[in-house]
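The block underneath contains the structure these notes are about, expressed in structure tokens.
The values are calculated or read from the model by the stated rules, or taken from the named source; none is laboratory data. This is a predicted model, so every value here is computed, not measured. Note that we place each Cβ from the backbone using ideal geometry, even for glycine, and neighbour counts take in every protein chain shown. These area figures cover heavy atoms from the full protein model, side chains too; ligands, DNA and RNA do not enter into them. Shrake-Rupley method; radii C 1.70, N 1.55, O 1.52, S 1.80 Å.
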Amino acid sequence: GGPGGWTLLDEPELHFGEDVLVPDVAGWRVERLPYVPDTAAISLAPDWVCEVLSPSTRKLDREAKLPVYAREGVRHVWLMDPLTRTLEVFGLRDGRYEVLLTHSGGDAVRAEPFDAVELDLAFIWGRTVS
């Protein structure tokens, strides 16, 4: 009854030629991926990915994965950093990502491509945010 039309998967294995990536969460509009394939990997680029940054993955997520996502046409990328409680939202424009939103703290936020609903960042961070 609400906004929707997405197939969401946690840690899907994505195969793009020689590149194999595993985002923390990925989403496809249901018209592009109406069901989850019964395969170990997916070669169809998602419409959205979310990477949860950590000290050990921060450089990989930003410097190695983002260019591959752009090349493959992933329209939206979120980088979430639970240590700094920051959400960065990127949109693909002319083959490159531009920052659409940078938000820190625990207020509710609307972020593409899910801007039809408010996202409660305090809940996601898992603690009271000042």
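Side notes on the structure shown:
- In loop segments of segment 1-105 as defined by DSSP, the GluC sites (Glu not before Pro) with at most 10 further C-beta atoms inside 10 Å of their C-beta are E18, E31.
- J(HN,Hα) series, segment 31-47, from Karplus relation 6.51 cos²θ - 1.76 cosθ + 1.60, nearest Hz, glycine and proline x: 5, 8, 9, x, 8, 7, x, 8, 9, 6, 9, 10, 9, 7, 4, x, 7
- Note on segment 6-128: the C-alpha convex hull projects to 7.9 nm² when averaged across all orientations.
- Residue-normalised accessible area of segment 62-130, expressed per residue, 1.4 Å probe, Å²: 57 Å²
- Label-point separation, V52 to E98 (7 Å along Cα→Cβ), nm: 3.1 nm
- You can think of it this way: the chain between R71 and D115 has 13.4 nm of extra reach, that is 0.36 nm per residue less the Cα-Cα gap.
- Summed over qualifying helices (DSSP H, 4 residues or more, each -39500 (n - 2.57)) and divided by its residue number, the chain shows a 222 nm mean residue ellipticity of -2000 deg cm²/dmol.
- A simple spin-label model places pseudo-atoms 7 Å from Cα toward Cβ; at T86 and R32 they are separated by 2.7 nm.
- Accessible carbon and sulfur surface of segment 6-128 relative to its total accessible area, %, 1.4 Å: 51 percent
- Those residues of segment 40-64 whose amide nitrogen sits under 19 Å from the label point placed on E13, 7 Å along Cα→Cβ: 40-46
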